[in-house]
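Below is one structure; the comments refer to it alone.
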2 protein chains.
Amino acid sequence: MLKISKKADYALMALQHIAAAQFGDMMPGRVVNTKEIAEEYNIPLELLAKVLQTLAKNALIESHNGPKGGYVLARRAHQITIAQILESIEGPLGITDCSHEKDGEFCMQREHCNIRTPLLKVQDSIAQLLNNMTLQDMMGGTPLITIQSPTAQGVER
Amino acid sequence: MLKISKKADYALMALQHIAAAQFGDMMPGRVVNTKEIAEEYNIPLELLAKVLQTLAKNALIESHNGPKGGYVLARRAHQITIAQILESIEGPLGITDCSHEKDGEFCMQREHCNIRTPLLKVQDSIAQLLNNMTLQDMMGGTPLITIQSPTAQGVER
DNA sequence: TGTTAGTCCGACCTTATTGATCGGAGATCA
DNA sequence: TGATCTCCGATCAATAAGGTCGGACTAACA
Ligand code: FES
Ligand code: FES
């Protein structure tokens, strides 16, 4: 119910990892490749590759080809919102399939629909929530330090 | 992306209609049957029936069998939350598939997962939003009155 | 400079979820 | 009692997601 796809899940993990490698290590512009992420989180390699391709196409990360190649974050972590990531993978956010009426074709129920307005309000709230949360917020709240605390360190903010 | 299923959509429409018929007409305990709703909103009849069955099983509405039978709201409109409706149709709310770890089986990524905590926070926010919105709130905001005739005229057959 | 190894990239197939459908059981009113 | 109208459970088809394959490119190295 209201579940985001696994591909989006992988995208979030990968981006978090790339961001951590980029700002947490000593090397500032460190390039991280697909295999490293896939092995770290037990993600099917080829599937993760596909996800990263999509992310690169949407200008969230930059791809460097050849040996020692890989991906680098295209912007700073606090400039990337969760909404941007999810929309890159799964298309525009729409809580119901008739949210975005495409070129003159509305759903059958549109005429007598009684739930459109309140549902759009719910959708707006969710969109706002996702837009206000950045990748940096997701990294344990602490900006540059790598997390890695075994205890359930709260992410209160 | 984050789209709720069509069945849940139908459930919301049907419940709104039942509530309107129950409190908007002169008859307080009016029974409304499946066919009436299906024709009003152009919903496939049998599918809507299935949805209503599920709703009845979850004690959101009561079913009255036989001729002149149909469904009646089990509680007052302001006692039914959107979250209850959605969860009745689509199961418990989980933004990711590993939200509810079922009996000892966690996902492969659990060990090194870096996005679990923030995602649970997002899920909590959405759940709270849906729990605070009742069926009555969805009916134009105005409490019990305001359901005038547009529905009643279409129901005549 | 030629080779080679390692990377990204696009198209394809398989599986799971949702959407929709069918016939039967039970209950009420005439 | 009888017929009719309703709800109910099991079944089938369409769609989207998850996963997989081989090809194209780039950059480092000998
Ligand atoms: S379901 Fe499409 S407008 Fe309400
Ligand atoms: S994906 Fe399952 S715990 Fe993070």
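The values are calculated or read from the model by the stated rules, or taken from the named source; none is laboratory data. Keep in mind that what you see is a predicted model, and the values were worked out from it rather than measured. Cβ: placed from backbone, ideal geometry, glycine included. Neighbour counts: every protein chain shown.
A few remarks follow.
- One residue stands out among those in region B:79-88 that are outside any strand (DSSP E or B) and either β-branched (Val, Ile, Thr) or touching a residue at least 60 places away in the same chain (Cβ under 8 Å) (or both): the one that is farthest from A:Pro118 (Cα to Cα), which is B:Ser88.
- Verdict on B:Leu93 being surrounded by 14 or more Cβ atoms within 10 Å (Cβ to Cβ), within 14 Å of DNA strand D (Cβ to nearest atom) and touching a residue at least 12 places away in the same chain (Cβ under 8 Å): no
- Every pair of residues 6+ apart whose Cβ atoms lie under 6 Å, when the first sits in region A:1-30 and is of a type in the set (Asp, Glu) while the second is at pLDDT 80 or above: A:Asp9/B:Thr96
- Boolean, B:Ile61 is in contact (Cβ under 8 Å) with a residue 60 or more places away in the chain and buried (at least 16 other Cβ atoms within 10 Å of the Cβ): no
- Unmet requirement for A:Pro92, which otherwise passes all of (1) more than 30 Å from B:Ala19 (Cβ to Cβ); (2) within 13 Å of DNA strand C (Cβ to nearest atom); (3) part of a loop (DSSP other than H, G, I, E, B); (4) not small (Gly, Ala, Ser): (2)
- The set of residues from region B:45-71 being in a loop (DSSP other than H, G, I, E, B) and either touching an Asp or Glu at 6+ places or on another chain (Cβ under 7 Å) or not polar (S, T, N, Q) (or both) comprises B:Ala59, B:Leu60, B:Gly66, B:Pro67, B:Lys68, B:Gly69.
- Screening A:Ala56, A:Ala38, A:Ala49 for residues that are farther than 22 Å from B:Gln123 by Cβ, in contact with a helix residue (DSSP H, G or I) (Cβ under 8 Å, 6 or more places away or on another chain) and away from chain B (no Cβ under 14 Å) leaves exactly one candidate, A:Ala49.
Okay, residues lined up against (1) surrounded by 13 or more Cβ atoms within 10 Å (Cβ to Cβ); (2) within 25 Å of B:Glu90 (Cβ to Cβ); (3) modelled with pLDDT of 90 or more; (4) within 16 Å of ligand 2 (Cβ to nearest atom):
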residue: B:Ala8; (1), (2), (3), (4): yes, yes, yes, no
residue: B:Leu12; (1), (2), (3), (4): yes, yes, yes, no
residue: B:Leu15; (1), (2), (3), (4): yes, yes, yes, no
residue: B:Phe23; (1), (2), (3), (4): yes, no, no, no
residue: B:Leu45; (1), (2), (3), (4): no, yes, yes, no
residue: B:Ala49; (1), (2), (3), (4): yes, yes, yes, no
residue: B:Leu52; (1), (2), (3), (4): yes, yes, yes, no
residue: B:Pro67; (1), (2), (3), (4): no, no, no, no
residue: B:Tyr71; (1), (2), (3), (4): yes, yes, yes, no
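- Residue count, region A:128-137 (criterion: surrounded by fewer than 18 Cβ atoms within 10 Å (Cβ to Cβ) and either in a helix (DSSP H, G or I) or modelled with pLDDT of 95 or more (or both)): 3
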